[in-house]
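> Here it is, the structure in full.
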Amino acid sequence: MREILYLQVGNYFNYVGTHFWNTQDAYNSLQSSDEYPIEGQVSFTERQSPDGVTLYPRAIMFDWKENFGTLAQSNALTGTDESENMDPGPALWDQSVDEIRQNKVAKSSYHLQLDQQNQSESQSMRLEEVRYWSDYSHVYYLPRSIQRVSRPASGAATADSWRHGQDQFRQFNEASDNDLMDTSVRLFLEESDSIQGIQLMTDVATFGGFADALMVQMRDEFLRAPTIAFPILSAGIDPSGTNDAPLIRRAFNEALYLRSLSEHATLSIPISLPQTWSEKTWTGLPMPKSPYFSSSTIAAHVESVTYSLRTSKTQDSLGTYGSQLLADGGYPPFAEISGVIPVDNSTNFGHFMANFTTSSYQKNEGYSFSVRDVIRGFNSLERQNYDVWRDGTISHLKPETLSFSGYPLTEPFHTAVSSDVRALGNVHMLSRLSTSNGLAHLFKDYASLIDTSRRRRSAGIMSMGIDNDDISELISDLWTIYDTYPVESPENEAENAVGSDEE
């Protein structure tokens, strides 16, 4: 059945994941219209309930314990607190007891509205009401999906320490009351008929080492399933910032994670922090730059570029997805994600196209080797404008273009777009995956910063607790990835070759 297992690791990508699952839930409610031919079993698992069949995301979500808000371990939002119904057992203390309980997190006003009205009706969610990523969730989760990780204690190794993250995962996985591999992961995989692969989304700064250990453990114990990864990176790498210890630790963490993805993932699409995005990203969307709003933009593009993995209209699979972008190039398994949302008849694609991967470290995009566009809901004029722009900007290759129905109008786009768009019930948008030599500069910057920090024996690099030989190996691997990308475009190389022959 081409099932996908979704792993969401870290706070920001759980914001993204909540928007993602709200969209999948919207598809489920629109199945009868045949407008969205999504195969629900690709992403959901079924359970019988008193009201019939209930769909639960095939997802495992990791975050600090305090970030789950009202998402209870009882598989429902603000469900019954199991601790309240536990049998206290025989009393071992016959004296007075002072009991201290933390106040329960109250339901969000958004969920209170949903309780009072039909959940299919669109509700408004104000920014000041968002306390946790669970505050605006529409779906129910199985208990095995909820993985609460203890935040590092004060004075312990920092959260962005690679080794601490890996040790933390091993302790978390081996805990007698958790046993992640033999419970959550194994059960989701065993109830799948034909697993298509894994979609992994990671906050690298805080969960890089943790997610890497998780990925390696899964591959060792279960299967080498195709993996598409979306890591979110820090706000740019300054090769001269060797005196900034937190920056060096983040850079080291991210470099190790990217190297691991180059070895283990089928395709990886890095995403820059929203603080680094171009102002044109927000044009047409009157949204404050908060996690709630920015994550909705990322969720829309992530959902769109992976849409073909869940629809019956195409024969795409995670196993072949990366090879279609990287075919015959021999390039590292990395791609860039960009797009425009919303799109209308007057959209200037050249002006509003925002790159969410290279925005933090390169002003000019590199030479494209392959392009895969997904257009959603385009009318004839929008398609004409898009074709003219596309053919004029990447005339050296033939991009693949997939066309689908518009993006379902879920929050916060429902309140951000115009009344005309709301009347349509969906948003028109363009999402793009591409490969180019622009990403080479990312690996160059990481290698330069880490190499300079090592030679200067800066505090940031020394505090990592990594052997010098391992640091040297990492630097060498980063330069190897950088050297894999051609410095010049194939067209320029050909022109230079001709010029040399003439001389």
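> With each label point set 7 Å from Cα along the Cα-Cβ vector, what nm distance links S403 and T484?
3.5 nm
> Quickly work out the A153-to-S395 label distance, labels modelled 7 Å from Cα along the C-beta direction, and quote it in nm with one decimal.
Those two pseudo-labels are separated by 6.6 nm.
> For A265, what charge total do you get from the other residues with a beta carbon under 12 Å from its beta carbon, if Lys and Arg give +1 and Asp and Glu give -1?
Net charge in that neighbourhood comes out at +1.
> Given 0.36 nm per residue, what is the gain on full extension from Q217 to A175 after removing their alpha carbon distance, in nm?
Net length gain for the segment: 13.6 nm.
> With each pseudo-label sitting 7 Å past Cα toward Cβ, what's the E66-T183 distance in nm, one decimal?
Once both label points are built, they end up 2.4 nm from each other.
Taken together, the values in this text are just the output of simple stated rules run on the coordinates, not laboratory data. Predicted model only: the values in this text are computed from it and were never measured. All Cβ positions, even for glycine, are placed from backbone atoms using ideal geometry, and neighbour counts span all protein chains on display.
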